[in-house]
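Student: Before I ask anything, let me first share the structure, which is written out below as structure tokens.
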Amino acid sequence: EAGVAQSPRYKIIEKRQSVAFWCNPISGHATLYWYQQILGQGPKLLIQFQNNGVVDDSQLPKDRFSAERLKGVDSTLKIQPAKLEDSAVYLCASSLEPGWVNEQYFGPGTRLTVT
Amino acid sequence: AQSVTQPDIHITVSEGASLELRCNYSYGATPYLFWYVQSPGQGLQLLLKYFSGDTLVQGIKGFEAEFKRSQSSFNLRKPSVHWSDAAEYFCAVGYFSNDYKLSFGAGTTVTVRA
């Protein structure tokens with residue numbers, strides 16, 4: 001079974017530029033999560049999708065971050081414009097359904113450096 | 001509000017020695033607790049989880065964790081570490097807010113010396 005795929009793995013941009021990350025969850029997983037992991041901290045949930053609908057985006061800085069999951073499969077996370085404090089690893093995870101009994105499977109992440 | 005504290009930022013242990021990683025949680029309801037491991041360049045992998053029942057939980061890779069409600073703790077242990085156990089370990093508590101979510105601690109980095 002293929003795992004959660006993410007690309008790119010690394011990205012370096014200057015502040016005020018835009019960037020997009022892509023995630024392909026495990027086939028058949030209805031729930032998709034985007035996390036931000038700043039160096040020295042644990043992952044923090046940014047947004048959660050159930051199929052192609054947003055369940056929770058309360059922690060997403062909507063003035064600069066956006067995410068979509070068209071067709072309920074792949075997802076993209078965009079930052080525009082980027083700030084220095086956005087430097088982090090962006091993790092995508094998926095699960096069959098929401099709920100703790102359903103394990104979240106994580107991708108390898110995209111490491112973003114904003115200079 | 002829920003929170004997780006991992007008091008140890010970094011632990012160094014000799015190969016073959018035992019390992020214990022501490023985790024304290026704060027949550028008003030019945031806790032659902034998890035331990036994840038993150039190896040360099042890889043995503044997080046679930047080691048074990050506690051929902052209810054036996055307070056000693058067995059996981060993958062020879063890890064176990066013990067839930068102690070009186071101490072609000074969920075410490076992770078391994079009797080004999082291998083060099084491949086060098087990684088970052090995260091404790092998390094599950095909570096419900098609009099939907100089921102995880103709140104992670106800041107992590108403990110484990111270094112294994114030969």
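Student: State the number of residues belonging to the range A:12-35 that are open to solvent by 20 Å² or more (accessible area, probe 1.4 Å), over 16 Å from A:Val73 (Cα atoms) and either of a type in the set (S, T, N, Q) or within 14 Å of chain B (Cβ to nearest Cβ) (or both).
Tutor: 2
Student: Tell me, which residue of the range A:82-115 that is surrounded by fewer than 17 Cβ atoms within 10 Å (Cβ to Cβ) and not acidic (Asp, Glu) is farthest from B:Lys49 (Cα to Cα)?
Tutor: A:Thr115
Student: Sticking with this one: Can you give me the ranges of the strands (runs of 3 or more DSSP E) entirely in the range B:39-99 with at least 1 residues that are open to solvent by less than 60 Å² (accessible area, probe 1.4 Å) and touching a Ser or Thr at 6+ places or on another chain (Cβ under 6 Å)?
Tutor: It comes to B:64-68, B:87-97.
Student: Scan the range A:44-81 for residues that are open to solvent by 30 Å² or more (accessible area, probe 1.4 Å) and part of a helix (DSSP H, G or I) and jot them down.
Tutor: A:Leu70, A:Lys71, listed by residue number.
Student: Follow-up question, since we're still on this one. Kindly check whether there is at least one residue in the range A:74-83 that is out of contact with any helix residue (DSSP H, G or I) (no Cβ under 8 Å at 6 or more places or on another chain) and without any contact (Cβ under 8 Å) to a residue 24 or more places away in the chain.
Tutor: no
Student: Yes or no: A:Arg9 surrounded by fewer than 16 Cβ atoms within 10 Å (Cβ to Cβ) and of a type outside the set (Asp, Glu)?
Tutor: yes
Student: Keeping to the range B:55-100, report how many residues are on the phi > 0 side of the Ramachandran plot, without any contact (Cβ under 8 Å) to a residue 24 or more places away in the chain and away from chain A (no Cβ under 14 Å).
Tutor: 1
Student: Mind listing just one residue for me: the one in the range B:12-22 that is out of contact with any Leu (no Cβ under 7 Å at 6 or more places or on another chain) and of a type in the set (A, V, I, L, M, F, W, C) and, of those, nearest to B:Asp85 (Cα to Cα)?
Tutor: It comes out as B:Leu19.
Student: For the range B:18-33, give me each residue that is surrounded by 13 or more Cβ atoms within 10 Å (Cβ to Cβ) and touching a Ser or Thr at 6+ places or on another chain (Cβ under 9 Å).
Tutor: B:Leu19, B:Leu21, B:Arg22, B:Cys23, B:Asn24, B:Tyr25, B:Ser26, B:Tyr27, B:Pro31, B:Tyr32
The values are calculated or read from the model by the stated rules, or taken from the named source; none is laboratory data. Owing to the predicted nature of the structure, the values given are computational and were not obtained by experimental measurement. Heads up, the Cβs are rebuilt from the backbone with ideal geometry, glycines too, and the neighbour counts pull from every protein chain shown. These accessible areas exclude ligands, DNA and RNA; they are computed on the full protein's heavy atoms, side chains included. Shrake-Rupley method; radii C 1.70, N 1.55, O 1.52, S 1.80 Å.
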